[in-house]
Amino acid sequence: MLRFDTILGDIPYLLLGIPLTLAITAVAFVVGILIALPIAMVRSAAVPVISPAVRLLVDFFRTTPPLVHIVWAYYALPVIADIKLDAFTVVAGALACSAAAQMSEIFRGAIVAVPRGQWDAGQVIGLSYGQRLWWVILPQSLRLIYAPACNALVSLLKQSSLAAVIALPEIMNRGWLLAAQNFRPIEVLTAIAIMYFALTWPLVLLAGYLERRSGLAFQGD
């Protein structure tokens, strides 16, 4: 029989994991964007040798689980390369790599979606490729980036729970410890699910709103 009343007193303990969860998500998202933008620019420029190599790297992080990256970086790097990173750096770095791979495709898709006429107009007035991309194309592509970037942030927030596997005391790790003490895993996990819903639902609503707004982009171009 489920007894949710037995964990009510432990809710504050779980809530203490929220700041760390948000910190992991924020760092991974910002670093991911900073990495993703130059990757998208290189790929959209179709630079010989470099673009295929970058694509292979992106595909690697898009097709492999972040959990593998976390475990490998935390447990294998000290053995193989004598490099030991703290748990926060490992998790944030691993999620940043996954976010960068996903966001680079979002950026690239938005760049490609800008009408060709905008590129030609920039060339006519004497702008270089880099200038056209930075001053003409990217500002117009931003309205196509907001909604999918918001969805990526939702996924990243949920993936932050993977930090539990290396004992970083965010929400999920605290839930595991609590369930091991009170033998109420269903009740604890339900409470955790409600917390994640409360954190991500506003972002989901924002993504829907931005998606409707971005549907107007380039209409009539």
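We did not get these values from a lab; they are worked out from the coordinates using the rules stated. Here the structure is a predicted model, which is why all the values come from computation and not from measurement. Glycine gets a Cβ as well: all are built from the backbone with ideal geometry, and neighbour counts include every protein chain shown.
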(message) Net charge around Arg184, counting only other residues with Cβ within less than 11 Å of its Cβ (Lys, Arg = +1; Asp, Glu = -1)?
(response) -2
(request) Would you mind counting up the charge near Arg62? Only other residues with Cβ under 11 Å from its Cβ, with Lys and Arg at +1 and Asp and Glu at -1. (result) -1
(message) Expected output is a single nm value to one decimal: the length gained when fully extending between Leu127 and Asn182, i.e. 0.36 nm times separation in residues minus the C-alpha distance. What is it?
(response) 13.2 nm
(message) I want to check the label-to-label distance for Leu16 and Trp72. Put each point 7 Å from Cα in the C-beta direction and report it in nm to one decimal.
(response) 3.5 nm
(request) For every helix of n ≥ 4 consecutive DSSP H residues, a contribution of -39,500 (n - 2.57) applies; sum these over the chain, divide by its total residues, and give [θ] at 222 nm rounded to the nearest 500 deg cm²/dmol. (result) -23500 deg cm²/dmol
(request) May I ask for the angle, rounded to the nearest 10°, between helix 185-214 and the longest principal axis of the chain, with both axes built from Cα atoms and the value confined to 0 to 90°? (result) 20 degrees
(message) Whole-Hz ³J(HN,Hα) for each residue in region 28-44, computed from phi via Karplus 6.51 cos²θ - 1.76 cosθ + 1.60 with θ = phi - 60°, x for glycine and proline: what do you get?
(response) 5, 5, 5, 5, x, 5, 4, 7, 5, 4, x, 4, 5, 5, 5, 5, 5
(request) Give the angle, between 0 and 90 degrees and rounded to the nearest 10, that separates the Cα long axis of helix 50-63 from the longest principal axis of the Cα atoms of the chain. (result) 30 degrees
(request) Note down the relative contact order for region 4-214 as a percent, whole number, built from C-alpha pairs under 8 angstrom at least six residues apart. (result) 30 percent
(message) At a 10 Å Cβ-Cβ cut-off, how would you order Ile33, Ile11, fewest neighbours first?
(response) Ile11, Ile33
(message) Can you sort Ile7, Ile70, Ile80 from fewest to most other Cβ atoms within 10 Å of each residue's own Cβ?
(response) Ile80, Ile7, Ile70
(request) Give me Phe4, Phe183, Phe61 ranked fewest to most by other Cβ atoms within 10 Å of their Cβ, as a rough exposure proxy. (result) Phe183, Phe4, Phe61
(request) Can you grab the distance from the C-alpha centre of region 38-85 to the C-alpha centre of region 147-203, Å, no decimals? (result) 25 Å
(request) Treating only the Cβ atoms of Lys and Arg (+1) and Asp and Glu (-1) as charged, compute the dipole magnitude of the chain about its Cα centre; round to the nearest 20 debye. (result) 380 debye
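Using a Förster distance of 30 angstrom, determine the FRET efficiency expected from the C-beta separation of Phe60 and Arg3, and round it to 0.05.
So the FRET efficiency works out to roughly 0.10.
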(request) Compute the long axis of helix 87-113 from its Cα atoms, compare it with the longest principal axis of the Cα atoms of the chain, and write down the angle in degrees, 0 to 90, nearest 10. (result) 30 degrees
